[in-house]
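Engineer: Let me give you the structure first, and then I'll get to my questions.
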Amino acid sequence: MNNRSQSRWTRGLLTALVVAGVTAAGVAPRHAQAQQPRAVVNLSFWSWVPNLNTSVDLFNRTHPGIHVTWNKVVAGNLGTYAKMFAALKANNAPDLGQVEYQFLPTFEATGGLVDMAPYGASAYKNQFVPWTWSQSTLGNQVFAIPQDSGPMAMYYRADLFAKYHIAVPTTWAQYAAAAVKLHQADPNLAITDFPPRDAGWFIGLLWQRGARLFRVNGNAWKVAINDSNATAVAQYWQTMLSKKLVKTDPDFTQGWFKDLQTGGAATWLSAVWGANTIIDNATGTAGKWRVAPMPQWTAGASVYGNWGGSTTVVFKSTKHPKEATAFAEFLNSNTGSVVKMIDPLKGAALYPALKAGLDQPAVVQPVTFYGGQRINTVFNAASAKVDVNFQWGPTMDQVFADMSDDFSNAVNGKITLVQALNQLQQSTVAHMQKSGFTVQQ
Amino acid sequence: MAVQAAPRAPTAANRLQPRRRSRRGQATPYLFILPFGLLFLLFFLLPIGYAVVQSLLSSKRSGLGLGAPTTVFNGLGNFGDAMHDPAFYAGVGRVLLYGVVQVPIMLGVAFILALLMDSTVIRFKNFFRLAFFIPYAIPGVVGALLWTFLYDPQFSPIVSLIHHAGLTSFDFLGENTILWSIANIVTWEWTGYNMIILFAALQAIPGEVYEAARMDGCTGIGVARYIKAPLVAPALVLTCVLSIIGTLQTFTEPQVLSGISNNISTSFMPNVYAYNQAFNANNYYYAATLAVILALVTFVFSFGFLRLTQRYSGV
């Protein structure tokens with residue numbers, strides 16, 4: 001190519017690039033300026049609850065001006081929370097999302113949640129189980145509508161207890177004694193698994209004992225992760241660990257599911273949603289499991305803890321907070337919608353936070369897998385006795401991570417669980433102060 | 001060295017003709033690399049710049065803090081925090097220990113395999129070349145997941161074999177063994193890749209060198225030690241630098257194994273720590289700081305290693 005045609009070719013290429021760029025830039029604004037008729041409000045909703053389409057369709061049918069699209073995402077801890085935080089930072093979060101109670105203060109601390117009180121959400125207060133409402137609100141501000149809850153009880157292998165003539169424990173002292181008897185009878189069995197990296201589980205146990213890890217004191221946080229109640233629970237489990245009466249595998253892994261199947265773990269202290277975990281992953285043990293109330297610290301008491309449960313929130317970047325609030329309220333309080341979510345086969349087998357939902361036949365029906373026991377009557381009784389004053393802190397992600405690391409060290413024998421709690425208290429206070437929260441100890 | 005042509009002295013004839021070099025023609029090479037340049041700018045330089053800027057910021061709140069925080073300029077404050085962070089030091093120490101053991105072993109094995117492939121005594125070379133390379137072709141996450149089943153005491157055929165052989169059961173995921181279990185996975189995955197690079201370098205050695213060595217009486221191991229190894233040194237240095245860079249950034253294997261083991265803390269290795277800070281703890285600014293520090297450490301190590309081996313690497 002000689003110089004002249006070379007330069008002509010170059011000029012042509014440059015011109016083409018520039019024209020393409022200008023055209024592309026020019027097309028976009030023109031679309032936005034086009035006149036649109038009175039448009040349907042489109043909302044997006046991120047949730048990992050299965051089969052939500054039935055409730056969402058019900059809402060769309062009964063609210064012609066609003067169209068909600070449900071995006072099924074993975075569980076919050078498996079990546080959706082990270083996506084939500086990133087989307088909030090980029091200001092393009094969905095209109096609505098599912099957030100568990102323990103992370104509500106963390107989301108509030110990003111300023112990413114819409115206060116739904118101005119849109120009439122406060123009127124729903126008395127429809128929900130009291131502790132769920134108190135964890136969804138801050139003073140007069142309503143940051144979430146409760147959806148479900150996770151009261152805890154004890155799933156146990158009735159056949160193993162009968163085989164080794166061990167009475168089903170009703171107190172923690174009896175539980176420890178049963179652990180010793182079981183282990184002596186068969187060294188391959190353990191009364192349960194102690195997963196050091198599942199902080200939500202352990203905090204449910206602390207909740208039962210009445211530990212108040214975080215408190216709001218005016219304009220400051222009072223942090224007491226190692227208060228006397230928490231220390232007592234840690235001491236109890238340290239004894240179990242030291243005597244090697246429990247396994248220490250991570251939970252919800254293939255190996256842990258195998259233990260459920262083979263009886264490697266004779267009990268599982270878990271929430272109401274754990275019923276399906278066992279059904280799904282230990283099908284061979286149908287008929288062998290039963291549900292009993294959580295062991296108590298004092299004989300005759302009835303206090304329970306909670307593990308999990310989630311809410312529906314409206315994110316700050318939404319352009320239609322009023323309509324989004326209407327959907328959140330409908331999804332979790334409309335009887336038709338809640339009944340669809342409760343359905344164990346076609347819904348999500350949800351355990352509702354709506355008080356009226358707890359009486360629904362689908363909730364209290366007998367469950368064949370558990371030998372025909374109406375397992376949810378145990379959970380209904382527990383739900384009514386969950387401490388309403390329990391408060392989550394604004395940095396639960398850091399608390400969970402540090403608790404996992406510290407408890408793993410305890411399980412390896414480097415420190416005791418009580419020392420782990422003390423370390424956790426120090427690191428949490430330090431982290432909160434560094435992040436600018438006002439902390440009292 | 002190629003013989004360079006002597007520059008043409010301006011003769012009388014040349015001086016009479018006007019210079020015909022078009023200035024616009026000089027832009028052509030840059031136009032050709034423009035697509036790559038744009039993508040490099042968009043996906044490499046801009047994110048790196050963004051991360052550096054983020055590492056200089058931090059978020060501040062007050063009181064209960066249940067509202068949006070404000071972003072303030074923190075200068076080198078984040079870097080100061082990282083310097084005083086024991087979890088970070090533990091992670092860096094761990095990754096250095098891991099690197100010091102794993103990289104020499106992996107490259108040693110790769111070099112021996114390359115020598116074997118280059119020798120005349122091995123049959124079915126094509127099969128072995130493919131077999132050793134296949135672990136590299138498997139995506140890292142898939143490979144790590146495969147190995148979780150070989151490590152998990154409930155499912156592992158290796159563990160049950162050891163158990164049946166009468167030895168005390170071996171815990172691959174224990175506190176003291178998890179690091180080397182990860183090293184095992186990484187070695188399995190990358191040895192083939194390094195072997196291919198070294199093998200290619202060995203193939204490039206001209207046959208006359210071997211002839212000359214044979215005439216001087218050098219045979220067998222001597223050929224490997226005195227002829228092949230020095231001539232392959234540049235490729236060895238290359239694979240070493242790549243391995244150092246890769247090792248300092250180890251992430252996939254600890255992340256996958258953290259699902260089945262209690263012994264992978266949230267700050268197990270620097271990259272894991274940065275990931276958890278960004279996506280689990282929402283400390284975007286601190287995570288950016290950790291990433292920048294990791295990049296600087298990687299730069300120092302790889303550049304320093306190249307300097308050290310300048311004699312051999314030809315760089």
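Engineer: Taking R0 as 56 Å, what's the FRET efficiency between A:V74 and B:M215 from their Cβ-Cβ distance, rounded to 0.05?
Structural biologist: Details: r = 67 Å, r/R0 = 1.20.
The pair A:V74/B:M215 has a calculated efficiency of 0.25.
Engineer: State the Kirkwood hydrodynamic radius of segment A:299-441 in Å, one decimal place, computed from all pairs of distinct Cα atoms. Mind dumping the intermediate values first?
Structural biologist: Numbers: mean 1/r = 0.0524 Å⁻¹.
So the Kirkwood estimate lands at 19.1 Å.
Engineer: Also, I was wondering about something else. Over 39 Å apart: what share of the alpha carbon pairs of the protein assembly as shown falls there, rounded to a whole percent? The partial results should precede the final answer.
Structural biologist: Details: 144132 of 285390 pairs.
That fraction is 51 percent.
Engineer: Per residue, how much accessible area does chain A have with a 1.4 Å probe, in Å²?
Structural biologist: Value for chain A: 42 Å² per residue.
Engineer: Taking 51 Å as R0, compute the FRET efficiency from the Cβ-Cβ separation of B:T168 and B:A200 and round it to 0.05. Present the calculation step by step, with values, prior to reporting the outcome.
Structural biologist: On the way: r = 44 Å, r/R0 = 0.87.
It comes to 0.70.
Engineer: Need the full-extension length gain, B:Y30 to B:F305, defined as separation in residues times 0.36 nm minus the C-alpha distance. One decimal, nm.
Structural biologist: Between B:Y30 and B:F305, full extension yields an extra 95.8 nm.
Engineer: With just the Cα atoms of segment A:91-162, tell me how far they stretch along each of the three principal axes, in Å, largest first.
Structural biologist: Projected onto the principal axes, the Cα atoms of segment A:91-162 cover 56, 30, 18 Å.
Engineer: Estimate for me the total accessible surface buried between chains A and B (protein heavy atoms, probe 1.4 Å, no ligands or nucleic acids), in Å² to the nearest 100.
Structural biologist: Counting protein atoms only, the buried area is about 3500 Å².
Engineer: Set the Förster radius R0 to 45 Å, insert the Cβ-Cβ distance between A:H165 and B:T120 as r into 1/(1 + (r/R0)^6), and round the FRET efficiency to 0.05.
Structural biologist: 0.05
Engineer: When Cβ neighbours within 10 Å are restricted to other protein chains, what is their mean count per residue of peptide B:281-292?
Structural biologist: 3
Engineer: Could you check the spin-label model distance between B:S160 and B:M83? Points 7 Å from the Cα along Cα→Cβ, value in nm.
Structural biologist: The two pseudo-label positions are separated by 5.5 nm.
Engineer: Please list the radius of gyration and Dmax for segment B:147-272, considering alpha-carbon atoms only, with Å as the unit.
Structural biologist: 20.7, 60
Engineer: Rank-order A:97-106, A:200-209 by packing density, defined as the average count of other C-beta atoms within 10 Å over each peptide's residues, highest first.
Structural biologist: Working: A:97-106: 24.2, A:200-209: 22.7.
With the highest mean Cβ count within 10 Å placed first, the list reads A:97-106, A:200-209.
Engineer: Let me ask something additional. Only counting protein heavy atoms at a 1.4 Å probe, give the residues of segment A:395-415, ordered by number, whose accessible area falls by 40 Å² or more when the other protein chains are present relative to the chain alone.
Structural biologist: A:D397, A:D405, A:N412
Engineer: Just to be sure I follow: if Rg is taken over the C-alpha atoms of segment B:220-266 and Rh is the Kirkwood radius over the same atoms, what is Rg/Rh?
Structural biologist: 1.33
Engineer: Give me the extension gain from A:T283 to A:Q441: residue separation times 0.36 nm, minus the current Cα-Cα distance, reported in nm with one decimal.
Structural biologist: Here the answer is 52.1 nm.
Engineer: When DSSP assigns beta bridges and you keep just the ones with both residues in the protein assembly as shown, what percent turn out antiparallel, to the nearest 5? Before the final figure, lay out each step's value.
Structural biologist: On the way: 31 of 46 bridges.
So the antiparallel bridges amount to about 65 percent of the total.
Engineer: From the alpha carbon gyration tensor of chain B, can you work out the equivalent ellipsoid semi-axes (sqrt of 5 times each eigenvalue) and give them in Å, largest to smallest?
Structural biologist: Each semi-axis is √(5λ); the values are 43, 38, 17 Å.
Engineer: What is the Cα radius of gyration of segment A:130-223 over 2.2 N^0.38 Å, N being its residue count?
Structural biologist: Rg over 2.2 N^0.38 Å, computed on Cα atoms: 1.52.
The values are calculated or read from the model by the stated rules, or taken from the named source; none is laboratory data. Computed from a predicted structure; not experimentally measured. Positions of Cβ are generated from backbone atoms using ideal geometry, with glycine treated the same way; all protein chains shown enter the neighbour counts. Just the protein is used for accessible areas: all its heavy atoms, side chains included, with ligands, DNA and RNA removed. Shrake-Rupley method; radii C 1.70, N 1.55, O 1.52, S 1.80 Å.
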